[in-house]
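The values are calculated or read from the model by the stated rules, or taken from the named source; none is laboratory data. Everything quoted here is computed from the prediction, not taken from an experiment. With ideal geometry, Cβ positions are generated from the backbone for all residues, glycine too; neighbour counts draw on all protein chains shown.
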Amino acid sequence: MTELTWQRSSYCEAGSTCIHVATAATGTIHFRESETPETILTTTPDRLRPLISRIKSDTLTRSQG
């Protein structure tokens with residue numbers, strides 16, 4: 001994998017746990033948490049779009065596990 005340029009929200013204060021995001025040249029989107037940067041989740045814009053839409057519309061439900 002090529003080197004990714006990670007970004008974090010300007011709302012993330014120094015020393016706090018934050019989510020970082022990077023986009024690869026292939027279009028894939030990568031996420032990692034500052035506490036465990038070696039764990040990276042990868043998705044595509046088409047798969048991420050429905051999640052963001054549900055978050056914005058406040059229609060997510062917790063799964064009972």
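Please state which one of Ser53, Ser57 is out of contact with any strand residue (DSSP E or B) (no Cβ under 7 Å at 6 or more places or on another chain), surrounded by 10 or more Cβ atoms within 10 Å (Cβ to Cβ) and at pLDDT 90 or above. Let's see the steps before the verdict.
Values: Ser57 fails: surrounded by 10 or more Cβ atoms within 10 Å (Cβ to Cβ).
After ruling out the rest, the residue left standing is Ser53.
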Fill in: Flag if Thr39 is loosely packed, with under 13 Cβ neighbours inside 10 Å, over 11 Å from the mean Cα position of the chain (by Cα), of a type in the set (S, T, N, Q) and outside any loop (DSSP other than H, G, I, E, B)
yes
Discussion item. What are the pairs with Cβ atoms under 9 angstrom where one residue, in the stretch 9-33, is part of a loop (DSSP other than H, G, I, E, B) and the other, located anywhere, is of a type in the set (A, V, I, L, M)? Sequence gap at least six, or different chains.
Written reply: Ser9/Ile19; Ser9/Val21; Cys12/Ile19; Ala24/Met1; Ala24/Leu4
Practice prompt. Could you grab me the full set of residues in the stretch 9-34 that are loosely packed, with under 13 Cβ neighbours inside 10 Å, at pLDDT below 90 and not aliphatic (A, V, I, L, M)?
Written response: Ser9, Ser10, Tyr11, Glu13, Gly15, Ser16, Thr17
Worksheet entry | All positions within the stretch 42-64 that are hydrophobic (A, V, I, L, M, F, W, C) and under 12 Å from the mean Cα position of the chain (by Cα) | Leu48, Leu51, Ile52
